Amino acid sequence: MAELAKTLRAELDRYSPGGKLPSSRTLVERHRVSPVTVSRALAQLAAEGLVVTRPGAGAFKAETRAAPASGDASWQELALSADAAELVPRAVDASGVLVTLAAPPPGVVEFNGGYLHPSLQPERALAAALARAGRRPGAWGRPPTDGLTDLREWFAREIGGGVTGAEVLITAGGQSALTTALRALTAPGTPVLVESPTYPGMLAVARAAGLRPVPVPTDTDGIRPDLLEAAFRATGARVLVSQPLFQNPTGALLPPSRRREVVRIARAAGAFVVEDDFARRLVHEDAGPLPPPLAADDPDGVVVHVCSLTKITSASLRVGALAARGPVLERLRAIQVVDSFFVPRPLQEAALELVGSPSWPRHLRTVSQELKARRDVLTAAVALRLPELALPHVPSGGYHLWLRLPDALPEAALLTAALRAGVAAAPGRPYFCAEPPAGHIRLSFAGVAGPTEIHEGVRRLRTALDELLP
Ligand SMILES: Cc1ncc(COP(=O)(O)O)c(C=O)c1O
């Protein structure tokens, strides 16, 4: 795949911007590779911003970006992807996930981390919880396949609104819950509505399941209900994946009126809302009271709720939950047990020990204070030293800032120059499943050691910008 991507990259020089590349079939024959290799190579070039692929139409050399328009053209994202081919090839591509999982080279400031820096993790409490878990009677026996009863009840109480332990399944973190939910609710080849931009790991899950992600644009208040309604109508989708709280990557928080609208529109379309509540415990100290999960007020079983302990503890405490009401629960249960049997019992016991320990509320408070302080440091440093980068929304939860690049600054060039200067940031491109409206980068302030490293990372980003901007 890498070889073909390299060849195609070199050949791109021969095309003018917007020029059409040969068809996949021609590339298969010309380079004597499989169709999967061709689609992966094209996806790689698309991720680098070098080509754009239009389902049903082919692949084209990317245009140089035009001057910003003054109107609101975000509806086009939806229109441009509504005509996608019926046949959806399964595409298994881990690159979007590996950005936050792979360790950066030594000495590099890690602004692309997806989890808490070890200094923010409750390491002592985790060690103690694991030791106590190992001594619990039956710790190495088989757990009930749905998960330990006490843990299911704890998650149900956390969700609130009368959700019961019987409506909760324990999963191996949020990623596995998203996989189970999408496989349970959709048939291969069908569309799934996603927020745009959104978490690339979920897009990867959808594509690996042979689904067709259809982007619904967001603004600083989250998903736009008018465009959501249009998207359901245009696609006949039966599922929307949404992050109503501290959306990744925008940090948006869905206001009450939109929360009601989203559930109402999905219900009217006969569709489920997969609520990825990944960042609830990453709330910043200065946020107001949090709205409850959509699942807490869902008598009709529209919402399939996903949450996880990893973000607030460690990527390795792979314990999360799925909550649902109605016949769909049986489907989720069946997929989960077929795929993975159950979550290892010692890990479930350790999770219970941890959340039941006196240090748990202390840990939540510490992280809340720390994230707020780090957000402020990074926000101020960006405003002062990187004024070219726009920050449309300062989040009150989550672990990162989502920054928009000026048109003259190509995302891929900035990230390469940044790495040369010793700082890694997450590219914006993988967060979009159609052509992005602009270049972006995502800077995580949770995966670094503290304010000193944040300042150093911003200084290095400045070096990269100076190299690229006249
Ligand atoms: C929005 C979102 N959902 C889910 C996940 C999955 O996290 P985990 O599987 O560690 O719970 C992530 C991880 O980055 C995420 O950003």
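The values are calculated or read from the model by the stated rules, or taken from the named source; none is laboratory data. Quantities reported herein were computed from a predicted structural model and do not represent experimental measurements. We place every Cβ from the backbone using ideal geometry, glycine too, and count neighbours over all the protein chains shown. Heavy atoms of the whole protein, side chains included, go into the accessibility calculation; ligands, DNA and RNA do not. Shrake-Rupley method; radii C 1.70, N 1.55, O 1.52, S 1.80 Å.
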With every protein chain left in place and a probe of 1.4 Å, what is the accessible surface of residue 1, to the nearest 10 Å²? 90
Hey, got the dipole for the range 2-61? About the Cα centre, +1 on K and R Cβ, -1 on D and E Cβ, debye to the nearest 20? 120
Using the Karplus curve 6.51 cos²θ - 1.76 cosθ + 1.60 with θ = phi - 60°, what ³J(HN,Hα) values do you get for each residue of the range 226-241, in whole Hz, with x for Gly and Pro? 4, 6, 5, 4, 4, 5, 4, 5, 6, 10, x, 4, 10, 9, 10, 9
On the first, second and third principal axes, largest extent first, how far apart are the outermost C-alpha atoms of the range 2-61 in Å? 26, 24, 19
Heavy-atom accessible area per residue - the chain, 1.4 Å, Å²: 43
Give the ranking of 3, 229 by solvent-accessible surface, highest area first, calculated with a 1.4 Å probe. 3, 229
For the full complex of protein chains and a 1.4 angstrom probe, list 433, 307 by accessible area with the highest value first. 433, 307
Considering only the other residues whose Cβ falls under 15 Å of the Cβ of residue 391, what net charge follows from Lys and Arg at +1 and Asp and Glu at -1? +2
Would you compute, for the Cα atoms of the range 338-470, the largest minus smallest coordinate along each principal axis and list the three values in descending order, in whole Å? 57, 38, 27
Taking the dipole about the Cα centre of the chain, with the C-beta of Lys and Arg at +1 and of Asp and Glu at -1, give me whichever of 173, 256, 461 is farthest to the positive side. 173
Between residue 221 and residue 334, what is 0.36 nm times their sequence separation minus the Cα-Cα distance? Round to one decimal in nm. 37.1 nm
The chain: antiparallel DSSP beta bridges as a percent of all, rounded to 5: 55
Among 24, 220, 324, which residue has its Cα furthest toward the positive end of the charge dipole of the chain, with +1 on Lys/Arg Cβ and -1 on Asp/Glu Cβ? 24
For residue 257 and residue 379, FRET efficiency with R0 = 35 Å and r from the beta-carbon atoms, rounded to 0.05? 0.80
If I take every Cα pair under 8 Å that is 6 or more residues apart in the chain, average their sequence separation and divide by the length, what percent do I get for the relative contact order? 20
Amide H contacts of residue 397 (H built 1.01 Å from N, under 5 Å, at least 5 apart or other chain): 284
Once you have the Cα-Cα distance between residue 124 and residue 416, take 0.36 nm times their residue separation minus that, and quote the gain in nm to one decimal. 101.4 nm
With the convex hull built on the alpha-carbon atoms of the chain, volume per residue in Å³ sits at 149
I'd like the accessible area for residue 399, computed on protein heavy atoms only with a 1.4 Å probe and all protein chains in place. Round to 10 Å², please. 10
Under 16 Å from the Cα of residue 61, which lysines turn up, not counting those fewer than eight places away in the same chain? 6, 20
If you build the convex hull over the alpha carbons only and average its shadow over all orientations, what do you get for the range 125-355? Give it in nm² to one decimal. 11.9
Tell me the carbon and sulfur percent of the accessible area for the chain, rounded to whole percent, probe radius 1.4 Å. 57
Nearest-10 value in Å² for the accessible area of residue 349, using the 1.4 Å probe: 10
In Hz, Karplus ³J(HN,Hα) per residue of the range 245-256 (6.51, -1.76, 1.60; θ = phi - 60°; x = Gly, Pro): 10, 6, 3, 9, x, 6, x, 5, 10, 5, x, x
Across the range 372-387, in residue order, what do the Karplus-derived ³J(HN,Hα) couplings come to in whole Hz, using 6.51 cos²θ - 1.76 cosθ + 1.60 with θ = phi - 60° and x for Gly and Pro? 4, 4, 5, 4, 5, 4, 5, 4, 5, 5, 5, 4, 6, 9, 10, x
For residue 455, project a label point 7 Å along Cα to C-beta. Then give me every residue of the range 387-414 with its amide nitrogen under 19 Å of that point. 387
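Heavy atoms only, 1.4 Å probe, whole protein assembly: order 117, 455, 400 by accessible area, highest first.
Greatest to least solvent exposure: 455, 117, 400.
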Under-5 Å amide H pairs with residue 171, H placed in peptide plane, nonlocal only: 320, 321, 322
Run the dipole for the chain about the Cα centre, Lys and Arg Cβ at +1, Asp and Glu Cβ at -1, nothing else charged, and hand back the magnitude in debye, nearest 20. 840
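Considering Cα pairs under 8 angstrom that are at least six residues apart, work out the relative contact order of the range 125-355 and quote it in whole percent.
Across the range 125-355, relative contact order equals 30 percent.
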Where a Cα-Cα gap under 20 Å defines reach, which lysines qualify for residue 372, not counting those fewer than 8 residues away within the same chain? 311
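Note down the relative contact order for the range 193-327 as a percent, whole number, built from C-alpha pairs under 8 angstrom at least six residues apart.
Relative contact order for the range 193-327 comes out at 19 percent.
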